[in-house]
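Undergrad: After the structure tokens below, expect a handful of questions from me.
The values are calculated or read from the model by the stated rules, or taken from the named source; none is laboratory data. All figures in this text were calculated on a predicted structure; none of them were measured in a lab. Here the Cβ positions follow ideal geometry from the backbone for every residue, glycine too, while neighbour counts run over all protein chains shown. Note: areas computed on protein heavy atoms with side chains; ligands, DNA, RNA excluded. Shrake-Rupley method; radii C 1.70, N 1.55, O 1.52, S 1.80 Å.
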Amino acid sequence: MSKWTLCGSGYDREQTVTDGNRFLCANGYMGLRGVFEEADSTWFPAITLSGVYDQYQDRWREPVNAPHCLYARVLFNGRAMAIGALEPVSHRAGIDYGDGLYHRDTDFGPVAIRSERFVSMAETHLLCDRIELRCAEAGEVTLYTGISTDIWDINGPHLFDFGYQQGEALLVRAVTGEKRITVASAQCIQADFAAEETFEQQDAGLFRVLRCRVRPGDVLCAAIFGAVYTSQDVAHPAEAAQALCRAMKARGFADCLTAHRAAWAEISRCSEVHLEGDDDAALGLHASQYHLNSIAPRHADSLSIPARGLSGQTYKGAIFWDSEIFFFPMFVYTQPEIARSLLRYRIETLPGALKKAAAYGFRGAFYAWESQEGGEEGCTNFNVVDVFTHRPVRTYFRDKQIHISGDIAYALRSYYEITGDRSLLEAGGARVILECARFFISRACCHADRAAVDYADVIGPDEYHERVTNNAFTNRMIRHTMESALLLREIFSDRADWFDGLLRELDYGRDWQLLHDLCGRIAQPVVRNGVIEQFDGYFALEDCPLDTVRSRLCHPREYWGGDHGVAGVTQIIKQADVIAMLALFPEDFPLETIAANWAYYEPRTEHGSSLSACMYALTACRLGRPELAWDLFMRTATIDMKGCGKEWAGEIYIGGTHPASNGGAWMIAALGFAGLRMKNGQPEIHPHLPEQITRLSFPIVAGGRRLRVTVTRDWGVIDSDF
Ligand code: BGC
């Protein structure tokens with residue numbers, strides 16, 4: 001076991017659901033929840049596929065879970081040696097965040113099951129499990145492995161028309177209901193013991209049954225090779241899945257594991273932050289990086305990452321602003337090709353954003369708040385279910401959270417500024433920025449008697465206050481988008497013909513003038529004693545402590561926001577909003593302003609979203625107060641190890657991993673504690689190490705150069721790396 005191993009010994013249902021997230025194995029193509037092999041769907045096991053969505057009847061569209069091809073169950077003398085069926089003598093499970101190897105060790109008395117498994121970082125479609133049975137009594141052992149079709153779905157079922165094939169490589173294939181996408185799971189096994197082999201096909205799947213007699217002390221070992229393909233990947237997914245399983249069986253478990261580990265070693269080399277001085281913090285940061293790295297779309301060049309990663313179907317497997325504002329920074333500084341993939345996804349889904357803007361009567365690009373394949377909007381008008389009436393509540397995230405288009409433009413410009421590479425802007429990025437700016441032109445409210453341009457009826461990052469006017473964060477993002485659009489002419493000053501051609505193609509002549517006109521007129525927020533008002537009228541709301549608002553709840557799962565929520569009429573906010581603006585535009589604001597806003601807003605913030613704490617931590621570092629950042633950093637970095645994120649919004653289950661916190665942990669370490677930032681195309685550091693950390697060292701790529709940042713209490717340096 002390496003120092004990056006996290007273990008747990010619980011196995012009740014609640015703990016198992018949490019462990020499914022904490023011990024997730026993933027490779028960007030799929031996520032295998034960290035649940036023991038024999039689990040049926042009531043324990044929430046899943047192989048969640050990235051970028052494959054389906055809608056069942058009128059339920060929410062969500063990602064598809066594949067038939068489970070690492071399913072295995074053990075019987076001794078016909079009795080199930082399985083959690084849920086038999087109380088184990090002992091049980092431990094865990095994951096090594098160094099190489100993504102999940103392990104479990106469960107002693108049932110007559111048989112102890114030990115296994116280790118991984119989702120291959122070297123072979124996109126491969127999952128492997130090595131299972132060892134230690135026998136304490138004489139009797140008959142049955143190893144029941146195969147492909148389970150007992151699939152955990154939140155809004156399913158999604159798979160129909162199942163087809164089965166027995167043989168060396170078992171196969172289950174099915175099609176999704178909505179788009180008829182074929183999903184194929186295959187499985188091969190390499191057992192080191194002689195056994196009688198039969199097959200069983202049932203409603204719950206296709207299984208291979210290996211039976212043999214054992215004596216006390218016998219150890220049976222089998223390697224299981226699973227593969228998943230869909231018709232989005234290849235023309236013949238079933239054949240591809242079977243072929244991969246067979247090939248990997250021929251190669252052997254040890255070789256597959258070596259290749260997987262080598263791939264992880266390379267990822268660590270490019271991205272790992274070494275933190276010295278506090279072992280818990282080092283483990284938390286490592287776990288965070290593991291989680292975010294494990295769900296990066298390395299197999300695709302235009303795909304993004306869902307808000308709950310690949311830990312299941314929560315949040316409809318959709319892409320939020322989390323991608324651009326929270327995941328993107330780690331990737332752009334460490335593995336820019338992944339940052340490119342996240343942004344290409346937005347470039348390719350521009351048609352969806354144009355369509356959405358038009359549907360609301362606007363021009364330009366209004367990106368989906370919860371984006372699925374093709375930029376399709378996954379967010380419904382009723383995104384929360386009231387715990388009292390059980391009725392869906394009208395929410396406005398979909399139609400009013402317009403900052404999403406600005407967040408995307410922000411990341412596109414950051415990509416250019418950090419990498420110095422404008423090819424992404426040429427390949428559609430400039431077009432996206434221009435269309436986002438055009439959306440903001442058409443969304444502006446101009447007045448006959450006032451020069452200031454308002455943005456009315458919006459929702460800022462703090463979702464508890466809906467339909468507000470002039471949310472400071474949103475207005476700042478809009479200005480940035482407009483400025484970025486205007487800046488494009490300068491960026492392409494040596495390619496003026498190309499840029500003018502693009503403006504002509506987009507019929508942008510009048511909008512270009514409007515950009516110039518509007519950009520400097522966007523309403524500025526009210527500032528009182530240095531505190532920026534979150535939106536017009538915010539200061540007039542009831543100003544009471546967070547605990548008072550909490551005490552008004554009638555139900556622990558009650559939703560705080562919206563028309564009837566306890567927070568809406570008060571100044572209590574869900575997550576960083578003004579502070580998020582200060583974190584993203586630190587150069588714009590003097591330190592006194594950051595200090596005044598931090599002191600005002602932090603006590604008024606519920607941190608009810610995993611996107612909140614890191615923004616406060618970043619701004620605390622900016623203030624030179626890393627001691628204020630420490631607890632927020634620890635909360636951010638350990639959220640998925642502890643499994644302590646929010647699990648419910650109203651009646652909706654929102655549990656899973658928290659990639660935004662994972663990215664936030666990297667941001668606090670690199671951009672906060674080390675103070676990394678770009679200035680005129682060059683990286684700079686402004687370290688603010690908290691007393692708990694003695695040394696931080698991490699690789700970055702900036703301006704096309706591979707560099708290493710090292711910071712100690714007394715010095716900091718950016719060297720060339722590799
Ligand atoms: C947050 C959003 C976030 C979403 C997905 C919500 O709870 O308020 O800002 O984008 O979760 O992480």
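Undergrad: Exceeding 23 Å between C-alpha atoms, which entries from my cross-link table qualify? They are Lys179/Lys355; Lys400/Lys642; Lys574/Lys642.
TA: Lys400/Lys642
Undergrad: In Å, what Kirkwood hydrodynamic radius results for region 496-586 from the alpha-carbon pair distances? Don't skip to the answer; put the middle values down first.
TA: Details: mean 1/r = 0.0586 Å⁻¹.
That comes to 17.1 Å for region 496-586.
Undergrad: Quick one: what does P(r) look like for region 324-426 with 10 Å bins over all Cα pairs, in whole %?
TA: 15, 40, 28, 13, 4, 0
Undergrad: Further, regarding this structure: Determine the shape class of region 657-722: with a ≥ b ≥ c the square roots of the Cα gyration tensor eigenvalues, call it rounded for a/c under 1.5, and otherwise prolate if a/b is greater than b/c, oblate otherwise.
TA: Oblate shape, in that a/c is at least 1.5 and b/c is the bigger or equal ratio.
Undergrad: Project the alpha carbons of region 371-518 onto their principal axes and report the range along each, largest first, in whole Å.
TA: Cα spread of region 371-518 along its principal axes, largest to smallest: 62, 43, 27 Å.
Undergrad: Could you tell me what a quarter of the Cα convex hull surface of region 531-665 works out to, in nm² with one decimal place?
TA: Value for region 531-665: 8.5 nm².
Undergrad: List the relative contact order of the chain as a percent without decimals, with contacts defined as Cα pairs under 8 Å and 6+ residues apart. List each step's numbers first, then the result.
TA: Numbers: 1651 pairs, mean separation 85.8, N = 722.
Relative CO of the chain lands at 12 percent.
Undergrad: Using only the Cα atoms of region 121-204, construct the convex hull and provide its projected area averaged over every direction, in square nanometres to one decimal.
TA: Orientation-averaged projected area of the Cα hull: 8.1 nm².
Undergrad: Kindly state, to the nearest 0.05, the FRET efficiency for Arg705 paired with Asp631, given R0 = 41 Å and r defined as their beta-carbon distance.
TA: Working: r = 35 Å, r/R0 = 0.85.
The value I calculate is 0.75.
Undergrad: How are the Cα pair distances of region 77-124 distributed, in percent, across 10 Å bins from 0?
TA: 24, 41, 24, 11
Undergrad: Starting from the Cα-Cα distance between Gln190 and Cys554, subtract it from 0.36 nm times their residue separation and give me the gain in nm to one decimal.
TA: Computed gain between Gln190 and Cys554 is 125.5 nm.
Undergrad: From the P(r) of region 130-179, could you give the percentage of C-alpha pairs in the tail past 19 Å?
TA: When all Cα pairs of region 130-179 are counted, 51 percent exceed 19 Å.
Undergrad: Multiply the residue gap between Ala247 and Ala204 by 0.36 nm, knock off their C-alpha separation, and tell me the result in nm, one decimal place.
TA: Contour length minus the Cα-Cα distance gives 12.8 nm.
Undergrad: I would also like to ask the following. Along the charge dipole of region 493-648, pointing to its positive end and built from +1/-1 on Cβ of Lys, Arg, Asp and Glu, which listed residue (Leu628, Ile522, Leu502) has its Cα farthest out?
TA: The residue sitting farthest along the positive end of the dipole is Leu628.
Undergrad: Something else: Among Asn293, Trp264, Gln242, whose Cα projects farthest towards the positive end of the dipole of region 239-316, with charges put on the beta-carbon of Lys, Arg (+1) and Asp, Glu (-1)?
TA: Checking the options against the dipole of region 239-316, the answer is Gln242.
Undergrad: Quick one: what Rg and Dmax do you get for region 379-466 from the alpha carbons, in Å?
TA: 17.4, 54
Undergrad: Give me the percent relative contact order of region 320-457, please, defined on Cα pairs under 8 angstrom at least 6 residues apart.
TA: 25
Undergrad: I need the Kirkwood Rh of region 200-268: take the reciprocal of the average 1/r across all distinct C-alpha pairs and report it in angstrom.
TA: One decimal place: 15.2 Å for the Kirkwood radius.
Undergrad: May I pose another question? Sorted from largest down, what three extents in whole angstroms do the Cα atoms of region 610-722 have along their principal axes?
TA: The Cα atoms of region 610-722 stretch 50, 30, 24 Å along the principal axes, largest first.
Undergrad: For the chain, which whole-number percentage of the solvent-accessible area (1.4 Å probe, protein heavy atoms only) is attributable to carbon and sulfur atoms?
TA: The value for the chain is 48 percent carbon and sulfur by accessible area.
Undergrad: Show the residues, 5+ positions off or on another chain, whose built amide H is closer than 5 Å to the amide H of Asp278.
TA: The answer is Thr694.
Undergrad: Another one. I'm a student and want to see the number: the projected area of the Cα convex hull of region 1-60, averaged over all directions, in nm².
TA: Average of the hull's projected areas for region 1-60 equals 5.7 nm².
Undergrad: Starting from the Cα gyration tensor of the chain, multiply each eigenvalue by 5, take the square root, and state the resulting semi-axes largest first in whole Å. Kindly include the intermediate steps, with their values, before the conclusion.
TA: Values: eigenvalues 410, 144, 134 Å².
In descending order the semi-axes read 45, 27, 26 Å.
Undergrad: Right, next: Can you tell me what percent of all Cα-Cα pairs in region 55-178 are more than 25 Å apart?
TA: I get 41 percent for the Cα pairs in region 55-178 exceeding 25 Å.
Undergrad: So for each of 313-325, 549-561, 163-175, 574-586 I average, over its residues, the number of other beta carbons within 10 Å; can you give me the resulting order with the highest mean first?
TA: Averaged packing, sorted descending, gives the order 313-325, 574-586, 163-175, 549-561.
Undergrad: Now, a different point. On C-alpha positions alone, give me the angle between the axis of helix 13-22 and the longest principal axis of the chain, in degrees, nearest 10.
TA: That works out to roughly 60 degrees.
Undergrad: Follow-up. Under Stokes-Einstein, with the Kirkwood radius over Cα pairs standing in for Rh, what whole-number D in µm²/s applies to region 1-122 at 20 °C and 1.002 mPa s?
TA: Rounded, D is 140 µm²/s.
Undergrad: Return one whole number: the accessible area per residue of the chain in Å², for a 1.4 Å probe. List each step's numbers first, then the result.
TA: Details: 25650 Å² over 722 residues.
I get 36 Å² per residue for the chain.
Undergrad: May I ask for the equivalent-ellipsoid semi-axes of region 149-306, computed as the square root of five times each C-alpha gyration tensor eigenvalue and listed largest first in whole Å?
TA: The answer is 32, 26, 16 Å, longest axis first.
Undergrad: Mind checking the angle between helix 430-443 and the chain's longest principal axis? C-alpha axes, 0 to 90 degrees, to the nearest 10.
TA: The angle comes out near 60 degrees.
Undergrad: Then there is this: Positive end of the charge dipole of region 314-472 (Lys, Arg +1 and Asp, Glu -1 on Cβ, about the Cα centre): tell me which of Leu434, Ala448, Phe382 has its Cα farthest that way.
TA: Of the options given, the answer is Ala448.
Undergrad: Sticking with this structure for a sec: Can you give the three extents of the C-alpha atoms in region 514-555 along their principal axes, from longest to shortest, in whole Å?
TA: Largest first, region 514-555 extends 50, 27, 12 Å along its Cα principal axes.
Undergrad: Okay, moving on. What is the gain in length, in nm to one decimal, between Cys644 and Asp507 on full extension, counting 0.36 nm per residue of separation less the C-alpha to C-alpha distance?
TA: In short, 44.3 nm is gained.
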